[in-house]
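See below for the structure under consideration.
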Amino acid sequence: MSLEADEAGGKRAAPTAAASASPPPPSNAQWGGRFAGGPAAIMQEINASIGFDRALWRQDIRGSLAHAAMLLKVGLLLPDEEQAIREGLHGIAVEIEEGRFRFDIALEDIHMNIEARLSERVGEPGKRLHTARSRNDQVATDFRLWVRDAIDGLDGQVAALMRSLARRAAEHAADPMPGFTHLQTAQPVTFGHHLLAYVEMLSRDRGRLADARRRLNECPLGSAALAGTSFPIDRRLTAELLGFDRPTANSLDAVSDRDFALEYLAALSILAMHLSRFAEEIVIWCSAPFGFIQLSDGFTTGSSIMPQKRNPDAAELTRAKGGRITGALVGLLTVMKGLPLAYAKDMQEDKEPVFDATDAATLCLAATDGMVRDMRARTDRMRALAGSGFSTATDLADWLVRALRLPFRTAHHVTGRLVAAAERKGVDLADLSLAEMQAEEPRITQELFGVLTVDASVASRRSEGGTAPERVAAQAAAWLERLGAAA
């Protein structure tokens, strides 16, 4: 039975063998000379990968074009044969893009489907294309190309999210909010400073993706099944035509390596963890007890029974999909951990987790960017809570060190006793009288009260990387400049 492509080249379940319009052929006509009988229906079902690996069609055609150009250069194809192959492959690309190509489960995978269609279109030259290559090095090449393309697309999305966060950080560089440790009020920070923390995280994510891209950028094509080939091929030409830095150095490693997919999934897992942490904060910030931000109807949903609800479902689903992405990494690690060299059919299970994780990461990045641009910060509410929980206690201790030259540990104890006194009275530190302050440390003066405001607290944190508004504004501007964006 055949399977039609969708416009996006997305994944669709492979048809069951039982639903086939005609019985399977005695064997796969592309490679079945060894076998007299056809596969059992369940064997055909478990063996075929066309239901998902058709997503590699662009990369497969790109690799075949480069392979044909190399075969021409070394004299393994004649000019008219290479031209026929080139024109045939371009024609197949059009068929797939227009949804006219029919994917056949009996041909198992994207490589055989394209090669069979090429032979139908151009005859004998199409059958020559597989000279000096195997499906083992072919799929390794296609998959590296796909992951490389995915990294390039995700890098653009991560950069876009960083720009959105940096713009909002510039907007809120001086707006105080509570800073937390253990989800308990710690010290005041600015909302802009908090948002820039995620810009830093995402910058590291971009670095990890770039590192993974650099390491994967070696070309397996020409490694053949596992041992290389006896044909006089030019692997450096093939690598150059496909934009790789060099050919892989060992043919056994080249066809059995999926480190590039694992490293990519590892980078995606850390990225997803960062997006999940931010999503969790959005969920908290949207809740009534906090009320720090509000999302519009575009990024929230209602309740079937409670008409007042505005649920931050985009954030919740982003948080959930992080587990899905991490699961893809663990799943592929588990597939690979027991495999001897070189290729084993287990490795057919490498693509679906990578495709699924990429789809999830793409969606989460888009949703997070949308929420960042959409959210309305309730700065009055943030400011009101920024001084709660004795958040300026550290400022008091710092003043004791600066003004009275108390050792910090002594200042810490004095401040702790003053916090306890304020707690007993049910007031903030700034509401204690000077006499009450001096009962704990006689040298305290009226000057101390000037450091106990939220604005004074954040303004004092001028150390590099600190939350002082001028520092935050400068850092946001620097990021926007690096990202090629205006504030």
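The values are calculated or read from the model by the stated rules, or taken from the named source; none is laboratory data. Keep in mind that this is a model prediction, so the values were computed, not measured. Don't worry about glycine lacking a Cβ; one is built from the backbone with ideal geometry, like all the others, and counts go over all protein chains shown. SASA here: full protein model, heavy atoms, side chains in, ligands and nucleic acids out. Shrake-Rupley method; radii C 1.70, N 1.55, O 1.52, S 1.80 Å.
Here are the numbers for this structure:
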| read-out | value |
| --- | --- |
| Rounded Å value of the spacing that divides the Cα centres of region 422-452 and region 217-260 | 73 Å |
| Residue-span extension gain [Arg324 to Glu120] - 0.36 nm each, minus C-alpha spacing | 69.4 nm |
| Within the chain, percent of DSSP bridges classed antiparallel, to nearest 5 | 85 percent |
| When the chain is reduced to its Cα atoms, the Kirkwood hydrodynamic radius in Å | 26.7 Å |
| Cross-link partners of Lys425 among aspartates and glutamates (Cα-Cα below 19 Å; sequence separation of 8 or more within a chain) | Glu436, Glu440, Glu441 |
| Under 5 Å, built H, 5+ apart or other chain: amide partners of Gly179 | Ala186, Gln187, Val189 |
| Estimated vicinal HN-Hα couplings, Hz - region 178-193 in sequence order (Karplus 6.51, -1.76, 1.60; Gly, Pro = x) | x, x, 10, 10, 6, 6, 10, 4, 10, 9, x, 10, 9, 4, x, 5 |
| Span from the region 160-197 Cα centroid across to the region 80-141 one, whole angstrom | 53 Å |
| Efficiency of FRET from Cβ geometry, Glu98 and Arg214, R₀ 35 Å, rounded to 0.05 | 0.50 |
| Separation in nanometres of the label points that stand 7 Å from Cα toward Cβ, at Leu363 and Met43 | 3.7 nm |
| Solvent-accessible area per residue, Å², over region 71-146 with all protein chains present [probe radius 1.4 Å] | 39 Å² |
| Rough spin-label spacing in nm, given labels placed 7 Å along Cα→Cβ, for Asp455 and His412 | 3.2 nm |
| Those GluC sites (Glu not before Pro) in region 88-184 that DSSP places in a loop and that have at most 15 other beta carbons within 10 Å | Glu98 |
| Tilt relative to the chain, helix 393-404 - C-alpha long axis, 0 to 90 degrees, to 10 | 60 degrees |
| Förster radius 45 Å - calculated FRET efficiency between Ser287 and Asp431 (Cβ-Cβ, nearest 0.05) | 0.95 |
| Anisotropy class of region 282-439 from Cα gyration tensor, a/c 1.5 cut | oblate |
| Derived scalar couplings ³J(HN,Hα) [region 273-290; Karplus, 6.51 cos²θ - 1.76 cosθ + 1.60; whole Hz; x for Gly, Pro] | 4, 5, 5, 5, 4, 5, 4, 4, 5, 4, 4, 5, 4, 6, 5, 4, x, 9 |
